[in-house]
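Notes follow once the structure below has been shown.
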Amino acid sequence: MGSAIGLLRSGGLSAFSSKLREYGPLIWTLSSSIIFTTLGCEWLYAIHEEYGYLALRNICFQVLSLILLLTYVKDESDLLLYTWTTVAGSAGANFINFLRLRKYCTWSLNWRFSWQKHLLPILVLFANSLVNLLYVSADVAQLGVM
């Protein structure tokens, strides 16, 4: 979730703040985790109460991420590498979730999709998530701009 505010900062606030502009690559790297989180569909595994699978998957990828971190990140100049390592840990776990989705659903293209039926609920959920994220992250963002 923290990546969404990073995406907003890089797109909007970096035009006004030179401090944020220099963090552009970091913000975009962290924001790329939004795609993997969306594809991961972790909520589906929580609904089916596969907590053992979720825990094991998270532990494995966090250990792998830690090994990569200790192997390749040496000092402060490796900040972008550190960011990619962190994102790779969560992205790998979510990619495994995506591959395992076939257990619960089948994929097919449907060209007769009624957007009107689903668009409003999706926008309500998105707006609720965005407002909650902005509320929680507002203090950190204001301190960063100051």
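The values are calculated or read from the model by the stated rules, or taken from the named source; none is laboratory data. Bear in mind the structure is a predicted one, so any value in this text is a computation, not a measurement. No Cβ is skipped: glycine too gets one built from the backbone with ideal geometry, and neighbour counts run over all protein chains shown. Surface areas here come from the heavy atoms of the whole protein model, side chains and all, with no ligands, DNA or RNA. Shrake-Rupley method; radii C 1.70, N 1.55, O 1.52, S 1.80 Å.
Look at segment 111-135 and say how many of its residues are assigned to a helix (DSSP H, G or I) and free of Cβ contacts under 8 Å to residues at least 40 places away in the same chain.
Of the residues in that region, 17 qualify.
If we keep just the residues of segment 43-59 that are open to solvent by 80 Å² or more (accessible area, probe 1.4 Å) and either modelled with pLDDT of 90 or more or assigned to a helix (DSSP H, G or I) (or both), which is farthest from residue 93 (Cα to Cα)?
Top of the filtered list is 47.
Name every residue in segment 60-80 that is part of a helix (DSSP H, G or I), hydrophobic (A, V, I, L, M, F, W, C) and surrounded by 15 or more Cβ atoms within 10 Å (Cβ to Cβ), in order of residue number.
61, 64, 68, 69, listed by residue number.
Can you tell me which of (1) among the charged types (D, E, K, R); (2) free of Cβ contacts under 8 Å to residues at least 40 places away in the same chain; (3) open to solvent by less than 100 Å² (accessible area, probe 1.4 Å) is the one residue 102 doesn't meet?
(3)
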